[in-house]
Amino acid sequence: MSVRPYRDIYRRKSRQIHVGPVPVGGDAPIAVQSMTNTPTTDVAATLAQIQGLEEAGADIVRVSCPDTASTAALKDIVKGARTPIVADIHFHYKRAIEAAEAGAACLRINPGNIGNEKRIREVIKAAKDHGCSIRIGVNAGSLERDLLEKYGEPCPDAMLESAQRHIRILEDNDFFEFKISCKASDIFLAVAAYQLLAEACDYPLHLGITEAGSLVSGTVKSSIGMGSLLWAGIGDTIRVSLSAEPVEEIKVGFEMLKALGLRHRGVNVISCPSCARQNFEVIPTVSRLEERLAHISTPMSLSVIGCVVNGPGEARETDVGLTGGASGHQIYINGEKHHVMRDGDLVENLVELVERKAAELEAEKA
């Protein structure tokens with residue numbers, strides 16, 4: 001009996017579009033994005049937040065454009081950002097047209113809110129004229145009234161029908177540079193809707209569990225919902241929706257992709273939960289290490305284990321490893337014993353070793 005390799009994820013084959021210079025779909029890496037929460041009219045504050053997201057690794061940033069003052073400010077935001085900017089549009093189609101004129105790389109429109117087909121056609125024309133892509137953003141909380149009457153409540157079939165309805169409008173207007181999302185706060189509903197959509201079309205899909213909650217609960221819900229879809233090969237861009245600082249969304253998104261082996265950025269820290277066997281304070285050590293190593297984007301691994309039960313085994317599989325010992329802590333490099341540390345600052349020693357290893361890895365790639 002042949003057994004499929006247990007680590008392999010076979011991504012759904014989708015057509016490729018572009019959000020500015022960022023390819024989405026096809027064989028492109030899964031893009032990670034977040035959204036600003038500063039007033040869009042405060043250009044300086046919004047750009048400062050975008051810069052923080054860029055430093056965390058964001059590929060795409062979404063900015064809300066609820067009024068004319070926001071779309072007016074968007075022009076300067078687009079100029080000052082390194083990442084492509086998605087204009088988030090609700091209710092008024094003219095804001096989408098203004099955002100396209102301001103240089104947005106993509107227009108996110110919610111079909112249930114944007115209006116009739118004539119208005120959508122005007123948005124499509126603006127996108128064509130200014131080289132924008134579009135995201136059809138179906139949301140369980142704002143489905144069209146006739147679909148709610150037909151199905152009685154938000155359900156996977158209603159969300160699929162909403163998406164297909166607006167796919168047809170874009171296709172009928174000879175526009176194919178778009179991606180689609182089918183978000184819901186209920187993970188069962190969201191996953192089922194995305195599964196239906198993945199089977200029904202080959203357009204790239206943007207994943208998200210909307211209104212997921214706080215940093216902890218939202219991370220759990222997103223990891224279960226989005227993680228199951230990503231594991232099944234579904235998804236081309238992701239946004240982790242958290243009631244937390246936007247940078248946390250980027251961190252969680254990359255950790256999710258990293259855990260599934262779909263994308264690697266920065267140091268993958270493998271650490272134990274700590275117990276009475278620990279020979280150093282594991283929890284504060286890991287916390288300090290994550291903070292000190294946040295600047296490293298080179299994909300690599302670091303194991304931090306408090307005792308010799310699992311420490312040597314984990315260290316054999318990582319670039320840099322630490323195993324706590326009663327008479328000294330064993331440091332590993334490339335899975336081999338390197339030296340025993342009996343005094344000095346453990347964190348500073350590890351940071352130096354990780355930075356040195358990252359530099360070596362970068363030199364090998366050059």
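The values are calculated or read from the model by the stated rules, or taken from the named source; none is laboratory data. What you see is a predicted model; the values in this text were computed from it and never measured. Here the Cβ is made from the backbone with ideal geometry for all residues, glycine too, and neighbour counts use every protein chain on show. Only protein heavy atoms, including side chains, enter the accessible area calculation; ligands, DNA and RNA are left aside. Shrake-Rupley method; radii C 1.70, N 1.55, O 1.52, S 1.80 Å.
Would you point out the residue of the stretch 295-322, among those that are in a loop (DSSP other than H, G, I, E, B), open to solvent by less than 70 Å² (accessible area, probe 1.4 Å) and not β-branched (Val, Ile, Thr), that is farthest from residue 362 (Cα to Cα)?
This residue is 307.
Based on this model, can you work out whether residue 128 counts as open to solvent by 60 Å² or more (accessible area, probe 1.4 Å) and touching a residue at least 40 places away in the same chain (Cβ under 8 Å)? Talk me through it step by step, then tell me what you get.
Values: open to solvent by 60 Å² or more (accessible area, probe 1.4 Å): yes; touching a residue at least 40 places away in the same chain (Cβ under 8 Å): yes.
Yes; evaluated as a whole, the condition is true for this residue.
If residue 350 meets every condition in (1) touching a helix residue (DSSP H, G or I) at 6+ places or on another chain (Cβ under 7 Å); (2) assigned to a loop (DSSP other than H, G, I, E, B) apart from one, which number is that one?
(2)
Taking the stated definitions as given, is residue 134 part of a strand (DSSP E or B), under 29 Å from residue 189 (Cβ atoms) and not hydroxyl-bearing (Ser, Thr, Tyr)? Before the answer, list the steps.
Numbers: part of a strand (DSSP E or B): yes; under 29 Å from residue 189 (Cβ atoms): yes; not hydroxyl-bearing (Ser, Thr, Tyr): yes.
When the stated conditions are applied, residue 134 passes them.
Give the residues of the stretch 148-159 that are in a helix (DSSP H, G or I), surrounded by fewer than 18 Cβ atoms within 10 Å (Cβ to Cβ) and within 31 Å of the chain's Cα centre (by Cα), sorted by residue number. Spell out the reasoning first.
So the first thing to find is which residues in the stretch 148-159 are in a helix (DSSP H, G or I), and the list is 148-151, 156-159.
Add one more test, that the residue is surrounded by fewer than 18 Cβ atoms within 10 Å (Cβ to Cβ), and what stays is 148-151, 157.
Hits for the stretch 148-159 are 148, 157.
From the list 15, 4, pick out the single residue that is assigned to a loop (DSSP other than H, G, I, E, B), of a type in the set (Lys, Arg) and modelled with pLDDT under 95. Reasoning before the result, please.
Details: 15 fails: modelled with pLDDT under 95.
Sole residue among the options that is assigned to a loop (DSSP other than H, G, I, E, B), of a type in the set (Lys, Arg) and modelled with pLDDT under 95: 4.
Could you please give the count of residues in the stretch 131-147 that are buried (at least 21 other Cβ atoms within 10 Å of the Cβ) and of a type in the set (Ser, Thr, Tyr)?
Selection size over the stretch 131-147: 1.
On the basis of being more than 20 Å from residue 199 (Cβ to Cβ), of a type outside the set (S, T, N, Q) and out of contact with any helix residue (DSSP H, G or I) (no Cβ under 7 Å at 6 or more places or on another chain), does residue 19 make the cut? Even if it seems obvious, please write down each step before you answer.
Numbers: more than 20 Å from residue 199 (Cβ to Cβ): yes; of a type outside the set (S, T, N, Q): yes; out of contact with any helix residue (DSSP H, G or I) (no Cβ under 7 Å at 6 or more places or on another chain): yes.
Against the criterion (more than 20 Å from residue 199 (Cβ to Cβ), of a type outside the set (S, T, N, Q) and out of contact with any helix residue (DSSP H, G or I) (no Cβ under 7 Å at 6 or more places or on another chain)), residue 19 qualifies.
So which of 98, 117 ends up being surrounded by fewer than 21 Cβ atoms within 10 Å (Cβ to Cβ) and of a type in the set (Asp, Glu)?
Numbers: 98 fails: surrounded by fewer than 21 Cβ atoms within 10 Å (Cβ to Cβ).
Just one listed residue meets the conditions, 117.
Tell me which residues, restricted to the stretch 275-294, are among the charged types (D, E, K, R) and assigned to a helix (DSSP H, G or I). Steps first, answer last, please.
Pass one, the stretch 275-294, residues among the charged types (D, E, K, R): 277, 281, 288, 290-292.
Residues satisfying the conditions are 288, 290, 291, 292.
Considering every residue within the stretch 243-254, establish whether at least one is in contact (Cβ under 8 Å) with a residue 40 or more places away in the chain and within 22 Å of residue 10 (Cβ to Cβ). Give the steps one after another, and end with the answer.
Step one: list which residues in the stretch 243-254 are in contact (Cβ under 8 Å) with a residue 40 or more places away in the chain, which gives 246-247, 249-251, 253-254.
Subset that is within 22 Å of residue 10 (Cβ to Cβ): 253-254.
Yes, the stretch 243-254 has at least one match.
Kindly indicate which of 196, 189 is open to solvent by 20 Å² or more (accessible area, probe 1.4 Å), in contact with a Pro (Cβ under 6 Å, 6 or more places away or on another chain) and under 19 Å from residue 155 (Cα atoms).
Details: 189 fails: in contact with a Pro (Cβ under 6 Å, 6 or more places away or on another chain).
Selected residue: 196, the only one of 196, 189 that is open to solvent by 20 Å² or more (accessible area, probe 1.4 Å), in contact with a Pro (Cβ under 6 Å, 6 or more places away or on another chain) and under 19 Å from residue 155 (Cα atoms).
Which of the residues spanning the stretch 30-53 are assigned to a strand (DSSP E or B) and either of a type in the set (A, V, I, L, M, F, W, C) or free of Cβ contacts under 8 Å to residues at least 60 places away in the same chain (or both)?
Applying the first criterion (assigned to a strand (DSSP E or B)) to the stretch 30-53 yields 31-35.
Once the filter is applied, which keeps residues that are assigned to a strand (DSSP E or B) and either of a type in the set (A, V, I, L, M, F, W, C) or free of Cβ contacts under 8 Å to residues at least 60 places away in the same chain (or both), the stretch 30-53 yields 31, 32, 35.
Which one of these does residue 176 not meet: (1) open to solvent by 10 Å² or more (accessible area, probe 1.4 Å); (2) closer than 22 Å to residue 63 by Cβ?
Every listed condition holds for residue 176 apart from (2).
Would you tally the residues in the stretch 264-286 being open to solvent by 50 Å² or more (accessible area, probe 1.4 Å) and more than 23 Å from residue 342 (Cβ to Cβ)?
Final tally of qualifying residues: 5.
Are any residues in the stretch 42-59 in contact with a Ser or Thr (Cβ under 6 Å, 6 or more places away or on another chain) and closer than 24 Å to residue 127 by Cα, and if so, which ones? Lay out the reasoning, then the answer.
Step one: list which residues in the stretch 42-59 are in contact with a Ser or Thr (Cβ under 6 Å, 6 or more places away or on another chain), which gives 45-46, 49, 53-54, 58.
Scanning the stretch 42-59 gives 46, 58.
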